[in-house]
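We did not get these values from a lab; they are worked out from the coordinates using the rules stated. Every value quoted in this text rests on a predicted model; they were computed, and no experiment measured them. Positions of Cβ are generated from backbone atoms using ideal geometry, with glycine treated the same way; all protein chains shown enter the neighbour counts.
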């Protein structure tokens, strides 16, 4: 596969390490009342879609960017590649 | 003349004669020959024995789809089994042997299997050898494996080199037949970057085997001229002897280039084969078509071959399989073979065409509306029996029979991304379906355009269209005039009869076997394939799949497209394992990382151990030491007695900088870091988000906004990855930057009561490292050896007064040598990872054995370190109820009650007098060593409620090794429990 890195352009998927569902960005609030339950769900519950999937890839053999790749799990078509940092900020993550 | 079946003409160079042997006999051929064409020219039709029945076999085809003519090529370490004689280029001195035959190809003892065929039908091994079970492994399987099989491997290391390479192009064209060449000409003239891959040694494809001209020249001449123009253009890379084996995601193709297979052995410095990864923006599949046979009784005798193959042997290689031949066809293309054979002066005994309205043939007897129903000849075809239109039978003697059942487009690569081919009733064959791999177009015979004119214009058109999508304007070249014959064919798959008629010659699958599978309810095509093994092995059913489908369709009363088709997967043709391995063999299988003082350690005779990709010195034997324990005990005692040096360069080192660096470390470590003063080091424990401990190390604060973090050797990459995840995905607004600096610094532990004295001899006088100025857990940037920058950390893994000193990597070797030199007066010794391990067990420090992926901070006795006042990875889930029970495991020390007994790591702890089973398991021993300081074995382990059980006697049982020892629960800190030595 080829991943179109937003900074470096098209790169072979072999340069990357795969992590999984991009929802791992949405780490729960540790102070919430049900924090243990929320962390359990965050860590262990994933959708397994046949189709579009937003997922985290790490450019380990490259610039060490974490990317959010939108990929069709049936065809491997990649429709968007974003810097995970930008996605994290959009989802309200900060310090 | 020995080449009794050599004809005039052809694309072989008669000015040179090549000598070769087959089964020890000498033969001659010419450059341009394949092994199969040269053997045929020498009158040899018998080239192998079949897989199951050991039936005599000769070549069915003239290409890579060959199921029968499989030989051992070369000898010794270069012996290669299952080589297809039909694509083996002849070279002088070529050595080939038949396979699957004993004692000889002509008299094969296991041909007895052929008489037992009633017992060896489809799925026989599932039925015949069911009982008794023990017989399967001991008797049936070895016997079957010896009897059924193909070539043998040499069991020697392959002496040749295989390489891997990467190529990029605008347009990849797969196949250099008429369609591929015209596509390449179009794209090449438009200036596109083109790769033209061809499995044959020269361009032309089917043009090389045909006599119909392209305008005023032969097809082969035209192909040569086009090649000349393409190669001269510079933007087209023509790759002969290169098979595209797979279509992968996003326009990536795999290709195998056989760089040296046509030579006795590779030229110096050249690989045998190269596995290419080709990145293409667009691709055109112009892989041509493969002819298919018609099944009839005993249709597998040497001499029976595909009509197009026989035409190729006659036209391209000037070799005929026999002087008297016959033709069996259901279509007009078969008649071309008749025409060309007659033109070459071969006697055509009969043309048998299943169509009642078959076209006339000049120069041969035509039997229209007739079928071939049987054949005879023990080691080669002697005659065929035909059934005439009126039902009468007649025998015709001939040494070879050309068979044509029509042509199947080579759709294989269109299916590699789950695409399914579609049935085209017009040519009675599968053509590419709609769902092609991204960026792929198909042209020529591969698309079902079976005329030369159609291929030429189709290739050019496909190139124009593909380039248009890339913004490159191309126009079709002036193409030569070529034959444009429409396909005229009557679908006909097998002649009815009761004898065995072969569908898949490679796997000995007959029409009967397919019927049997159907009777036994194997209705799906995929089940049929697995039950009968049809379409498996070297040829992957290239000549047999559609025939078998037609029989299935007949049996089920469905049409062929309703019956389905099996999925084609890469590789298109077999690929040697060595090609996939490339240079990643033996020691090169993965990188080996060496520390800067590796050479120094080697000079000292160090014994090395693998730690991840690294080699680390395990111990340094001295003359006279015959057992590793002698070396390790000595190293421990010398270090604890005076001073020792250990190379710790392999530990991961990560530079953390930025205004929020301390805050960042606070989040990735379970314990706190915000309050760590500048100039101090702190131990840090990292948890996974599920609360389990996964790595530990130290963080040294060199400045307000600058830390250096260390990790364990094997987790260095993982920790760095996780830190980047935390930085970019979880807390993107923290002002912090990371860099891996593992390889930037060489680092050494200097441990023992004289360690400071040793260091004072190399640390420049401007830096005071006395106990007051540089106390336990201090760190700082200093210079050594008159101005070399260095970092000094007063940390200890051994429990002694100890330091770690780091210098830029290129000075590591020199620093090691200098320390050995100045330390001589203290009898300094180097120590390896074993002594390191003994000392950390004596001190009770956890390491990888304790941080084993199942243990928490609580288990490790560090529960109180996990801060409840801050957010950090893993702290929330470390509070899970199940991880915090009363009887949770705790790290303890263990010593044998009888000091002469060993403590064995991996032993489980059981109560005295209690049962030894999982239900009564109290814990387990993780690390064990002989302590030369204490004079007996010691261990670390996890024990339920371990913190409150000091003094208890337990059984350490190890049923695997048959060891049971009584052990006493003690503190994990065997040596200097108060840590006084660290602070002097």
Quiz item: Given the options A:34, A:48, A:23, which has the most mean-square fluctuation in a GNM of chain A, springs set between C-alpha atoms less than 10 angstrom apart?
Solution: A:34
Quiz item: If you line up the long axis of helix B:628-641 against the longest principal axis of chain B, both from Cα atoms, how many degrees apart are they, to the nearest 10?
Solution: 40 degrees
Quiz item: residue B:864 versus residue A:41, label points 7 Å from Cα toward the beta carbon: distance in nm?
Solution: 3.7 nm
Quiz item: For the stretch B:315-403, what's the relative contact order in percent, using C-alpha pairs closer than 8 Å and at least 6 residues apart?
Solution: 29 percent
Quiz item: Residues of A:58-64, mean number of Cβ from any other protein chain within 10 Å of their own Cβ, rounded to a whole number?
Solution: 3
Exercise. Let me have the 222 nm mean residue ellipticity of chain A computed from DSSP H runs of 4+ only, each contributing -39500 (n - 2.57), with the sum over all residues rounded to the nearest 500.
Key: -5000 deg cm²/dmol
Quiz item: Between residue B:744 and residue A:33, how many nm apart are label points set 7 Å from Cα along the C-beta direction?
Solution: 4.8 nm
Self-check item: On Cα atoms only, tilt of B:812-822 relative to the major axis of chain B in degrees
Solution: 30 degrees
Quiz prompt | Protection proxy ranking, peptides B:577-584, B:857-864, average beta carbon neighbours within 10 Å, highest first | solution = B:857-864, B:577-584
Quiz item: What percentage of all Cα-Cα pairs in the stretch B:885-983 are separated by more than 18 Å?
Solution: 43 percent
Self-check item: Relative contact order computed over the stretch A:2-90 (Cα-Cα under 8 Å; 6+ residues apart), in percent
Solution: 28 percent
Self-check item: 222 nm mean residue ellipticity, helices alone, for chain B (DSSP H n ≥ 4; -39,500 (n - 2.57); rounded to 500)
Solution: -5500 deg cm²/dmol
Quiz item: Along the principal axes of its C-alpha atoms, what lengths does the stretch B:652-740 span, in descending order and rounded to whole Å?
Solution: 29, 26, 22
Quiz item: In which sequence would B:748, B:930 go, from the one with the fewest C-beta neighbours within 10 Å to the one with the most?
Solution: B:930, B:748
Quiz item: Over the stretch B:315-403, what is the percentage of antiparallel beta bridges among all DSSP beta bridges, to the nearest 5?
Solution: 45 percent
Quiz item: Label-point separation (nm) for residue A:8 and residue B:498, each offset 7 Å from Cα along Cα-to-Cβ?
Solution: 7.1 nm
Quiz item: What average count of beta carbons from other chains do you get within 10 Å of the Cβ of residues in A:19-30?
Solution: 3
Quiz item: Taking the DSSP beta bridges in the protein assembly as shown as the whole, what percent of them are antiparallel, to the nearest 5?
Solution: 75 percent
Practice problem: Mind pulling the angle between the C-alpha long axis of helix B:452-468 and the longest principal axis of chain B? Nearest 10 degrees, somewhere in 0 to 90. | Solution: 30 degrees
Quiz item: What list of whole percents do you get for P(r) of the protein assembly as shown, with Cα-Cα distances grouped in 20 Å bins up to the one holding the largest distance?
Solution: 11, 31, 27, 23, 9, 0
Quiz prompt | Contact order normalised by residue count of chain B, Cα under 8 Å, 6+ apart, percent | solution = 9 percent
Quiz prompt | chain B - share of DSSP beta bridges that are antiparallel (%, nearest 5) | solution = 75 percent
Exercise. Kindly put B:883, B:201, B:877, B:70 in sequence by how many other C-beta atoms sit within 10 Å of each C-beta, fewest to most.
Key: B:201, B:883, B:877, B:70
Quiz item: Where the centre of each part is set by its Cα atoms, how far does the stretch B:835-883 sit from the stretch B:47-114, in angstrom?
Solution: 63 Å
Exercise. Give the order of B:317, B:407, B:502, B:628 when sorted by the count of other beta carbons within 10 angstrom, beginning with the fewest.
Key: B:628, B:407, B:317, B:502
Quiz item: Applying 1/(1 + (r/R0)^6) with R0 = 56 Å to the Cβ-Cβ distance of residue A:50 and residue B:484, what FRET efficiency is obtained, to the nearest 0.05?
Solution: 0.75
Exercise. Whole Å is fine, so just give me how far the alpha carbon centre of the stretch A:4-44 lies from that of the stretch B:702-781.
Key: 29 Å
Quiz item: Residues of B:21-32, mean number of Cβ from any other protein chain within 10 Å of their own Cβ, rounded to a whole number?
Solution: 0
Quiz item: Across the Cα atoms of chain B, what radius of gyration and what greatest pairwise Cα-Cα distance (Dmax) are found, in Å?
Solution: 37.9, 116
Practice problem: Quick one: among A:78, A:25, A:36, which has the greatest mean-square fluctuation in a GNM of chain A with alpha-carbon springs under 10 angstrom? | Solution: A:36
Quiz item: Shape of the stretch B:315-403 from its Cα gyration tensor (a ≥ b ≥ c, root eigenvalues): rounded if a/c is under 1.5, otherwise prolate when a/b > b/c, or oblate?
Solution: oblate
Self-check item: Principal axis dimensions, largest first and in whole angstrom, of the stretch B:212-339 by Cα
Solution: 47, 38, 36
